[in-house]
1. Taking B:MET41 as the residue in question, decide whether it is in contact with a strand residue (DSSP E or B) (Cβ under 7 Å, 6 or more places away or on another chain), of a type in the set (A, V, I, L, M) and either under 28 Å from A:TYR291 (Cα atoms) or assigned by TED's automatic domain parsing to the domain that holds B:ILE300 (or both).
2. Residues being among the basic types (Lys, Arg) and touching a Lys or Arg at 6+ places or on another chain (Cβ under 7 Å): count how many of those fall in the stretch A:313-348.
3. Can you pull out every residue in the stretch B:271-291 that is part of a helix (DSSP H, G or I) and of a type in the set (Phe, Trp, Tyr)?
4. For A:ARG335, only one of the following conditions fails: (1) closer than 19 Å to B:ARG45 by Cα; (2) within 14 Å of chain B (Cβ to nearest Cβ). What is its number?
5. Among the residues of the stretch A:276-284, are any in contact with a Leu (Cβ under 6 Å, 6 or more places away or on another chain), farther than 22 Å from A:ASP358 by Cα and within 14 Å of chain B (Cβ to nearest Cβ)?
6. Consider B:ARG249 carefully, then state whether it is modelled with pLDDT of 95 or more and open to solvent by 20 Å² or more (accessible area, probe 1.4 Å).
7. Would you pick out the residues in the stretch A:89-111 that are more than 8 Å from every other protein chain (Cβ to nearest Cβ) and of a type in the set (A, V, I, L, M, F, W, C)?
8. Is at least one residue of the stretch B:222-239 open to solvent by 50 Å² or more (accessible area, probe 1.4 Å) and either within 14 Å of B:ALA157 (Cβ to Cβ) or in a strand (DSSP E or B) (or both)?
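The values are calculated or read from the model by the stated rules, or taken from the named source; none is laboratory data. From a predicted model like this one, the values you see are computed outputs, not experimental measurements. Here the Cβ positions follow ideal geometry from the backbone for every residue, glycine too, while neighbour counts run over all protein chains shown. Heads up: the accessible areas ignore ligands, DNA and RNA and are worked out on the full protein's heavy atoms, side chains in. Shrake-Rupley method; radii C 1.70, N 1.55, O 1.52, S 1.80 Å.
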Number of protein chains: 2
Amino acid sequence: MTSPRLARLERVRAAMSSAGVDCLLLSLGADLPWLTGYTAMPLERLTMLVLPADADATLVIARLEAPRVAEDPSAFTVLGWDETEDPVEIVARLVGTRRHLAISDRAWATFLLQLQSQVPDAQLRAASTVTGPLRAVKDASEVSALAAASSAADRVATALVEGDISLVGRSEAEVSDDIGRRLVAEGHQRVNFAIVGSGPNSASPHHDATSRVIGPGEAVVCDFGGTLDGYCSDITRTVFTGDPPDEFRALYSVLQEAQAAAVAAASVGTPCERVDGVARDIIAGAGYGQYFIHRTGHGIGLEEHEDPYIVGGNGQPLVPGHAFSVEPGIYLPGRYGARIEDIVVATDEGPRALNRVDHALAVVEV
Amino acid sequence: MTSPRLARLERVRAAMSSAGVDCLLLSLGADLPWLTGYTAMPLERLTMLVLPADADATLVIARLEAPRVAEDPSAFTVLGWDETEDPVEIVARLVGTRRHLAISDRAWATFLLQLQSQVPDAQLRAASTVTGPLRAVKDASEVSALAAASSAADRVATALVEGDISLVGRSEAEVSDDIGRRLVAEGHQRVNFAIVGSGPNSASPHHDATSRVIGPGEAVVCDFGGTLDGYCSDITRTVFTGDPPDEFRALYSVLQEAQAAAVAAASVGTPCERVDGVARDIIAGAGYGQYFIHRTGHGIGLEEHEDPYIVGGNGQPLVPGHAFSVEPGIYLPGRYGARIEDIVVATDEGPRALNRVDHALAVVEV
């Protein structure tokens, strides 16, 4: 095991001790690969790292999947279960008399229910209460990895705003596939999503790319990202196919100002909700408040969305190494919408945007 | 909403009543699209259908995702939540005084924990205890959809066994990508997996395709599948690059006999574990028992793996419409392995294999 992972393990044990958690149970999600390098398969056969505060860790895994694991006895041992065994029973046995447990946020509910029935007096909480604050603070190598992923996404976004990705006459789904292929060509191992919302669909922030054919004179919101060497990219740019109406220009200009102000506000010590508030105040001040219907951003790292969330109610102050999106949007239902998104890292020298693609409204004639 | 979905809703309510479940809570996994046509995004914003036995259903969803849903008031209404609201609180309010709840098997543990803290006296179980037996029985249109997906996978498997997919000199990962592209070209909308295990890696049933370059004189296990119009394919064929040693031929011949016998045994009324036992007895009888380290199969439908599981301990008898894989394997660690897999449907006329690609050991010189 590489020493960064062993160092993380030590920090996790310290955090468990502060939080009064005496056993961590890691299954689906990024906590497991962050600590062990192994990602559990999202299937009905339970994979779970049992990590007691006071004893060695054991990775419980179906025996047929065990050859996938690079075991490291300095960090954990592997315990394979056979098809007719009950893996939850094995986990319960390893938990032993410990009763303050934390389980992966994304573990399947069915396994949690089985565990609760086998250890009925256990007190359970989400693992992110222990691991979230640790994973949210990226070290230098993680920031480099995020920067590399962002740069790869930037090359695709540059092609978009410069008109190298043809839009008019193609369906949203075709453009989405094109963007996905470009993400891979630029170095991503995996495409996580490639939202393409055109015309009225640009007003639906989580729109699926459909068979709708993009026309001239339309807003097109493109929000895409992938995973490159384990770390995620995520960028949004909005382009207009042809000359935008004045009303769209006005809306976009407010959005651009709000996004830039929120990035500028993302300095160490600023509460997350304040970054959200900066964007929201500008948008509301221009009369679009009811059309900004989502939070300003989310943390990013091994997962597309993780701590810290840039949202009202999150008073957590930014610290150096926090990496997150800043992505306000304005959406007029049935008409059009726009969003601008960059990944930003809080540093002692101020906010550092990892995406560098121009924010000006791109008018493309393609 | 199409009437099949309304009919399913009625059957679910009847099953809830028999099981003493007074509210079903559906989030990630296939139960939700099976009933509503909508698939929840696997993200930290909760999507949950609250389906009381005695009242109308409500889909609780982040407001920004609500435009993705095709609402059907005859089946459910949509309730959007804002970024600063607590969706679990909304779910708890809709649950009301009901206390016998069932939650999606794949719902995130963190949401289950939050729900348990807000409804501390609720009794919870996995939703599959209600929906699993219903979803396991495919109607005629679902069998057609599975057959179409299987045929598409068959066309790729035919290319493999006929030597149209070049192997020697390419990495497992390259071959895996090639198979994935072919699955899409044959009509799948999504590739779910494309395992390629060569040489010693063929002895690891859930091997990830790696940079290992395939050589001559090697076993290559290819297990792949995707989703076509919502339903999954899943097929495995093992080929040998060049003339196989006698020992491999002998092993393969046992495997082929075991797989065929298990398919033949999969008639209506036969317990699932008996189908497993038929394959296992033949393999054990030939001295390979310890090298068949997984169950014989799994149900398939909207999900790659679902009820019924063809595994020791599952005494459930097959009924018409049960669709499942039959995929015994023999794996000699460090040397080589083989697996043969078809999707089979239990019918009143006997077992119907949806995959039709030849089972004979394919020797490919490519």
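1. On the way: in contact with a strand residue (DSSP E or B) (Cβ under 7 Å, 6 or more places away or on another chain): no; of a type in the set (A, V, I, L, M): yes; either under 28 Å from A:TYR291 (Cα atoms) or assigned by TED's automatic domain parsing to the domain that holds B:ILE300 (or both): yes.
For B:MET41, the condition - in contact with a strand residue (DSSP E or B) (Cβ under 7 Å, 6 or more places away or on another chain), of a type in the set (A, V, I, L, M) and either under 28 Å from A:TYR291 (Cα atoms) or assigned by TED's automatic domain parsing to the domain that holds B:ILE300 (or both) - is not met.
2. So in the stretch A:313-348, the residues among the basic types (Lys, Arg) come out as A:335, A:339.
Keeping just the survivors that are touching a Lys or Arg at 6+ places or on another chain (Cβ under 7 Å) gives none.
The qualifying residues number 0.
3. Pass one, the stretch B:271-291, residues part of a helix (DSSP H, G or I): B:272-285, B:289-291.
Within the stretch B:271-291, B:TYR291 is the sole residue that qualifies.
4. (1)
5. Going through the stretch A:276-284, the residues in contact with a Leu (Cβ under 6 Å, 6 or more places away or on another chain) turn out to be none.
Checking the stretch A:276-284: not a single residue is in contact with a Leu (Cβ under 6 Å, 6 or more places away or on another chain), farther than 22 Å from A:ASP358 by Cα and within 14 Å of chain B (Cβ to nearest Cβ).
6. On the way: modelled with pLDDT of 95 or more: yes; open to solvent by 20 Å² or more (accessible area, probe 1.4 Å): yes.
So B:ARG249 fits the description; yes.
7. Filtering the stretch A:89-111 for residues more than 8 Å from every other protein chain (Cβ to nearest Cβ) gives A:89-102.
Of everything in the stretch A:89-111, those that are more than 8 Å from every other protein chain (Cβ to nearest Cβ) and of a type in the set (A, V, I, L, M, F, W, C) turn out to be A:ILE90, A:VAL91, A:ALA92, A:LEU94, A:VAL95, A:LEU101, A:ALA102.
8. Applying the first criterion (open to solvent by 50 Å² or more (accessible area, probe 1.4 Å)) to the stretch B:222-239 yields B:229.
Okay, now just the ones that are also either within 14 Å of B:ALA157 (Cβ to Cβ) or in a strand (DSSP E or B) (or both), so none.
There is no residue in the stretch B:222-239 that is open to solvent by 50 Å² or more (accessible area, probe 1.4 Å) and either within 14 Å of B:ALA157 (Cβ to Cβ) or in a strand (DSSP E or B) (or both).
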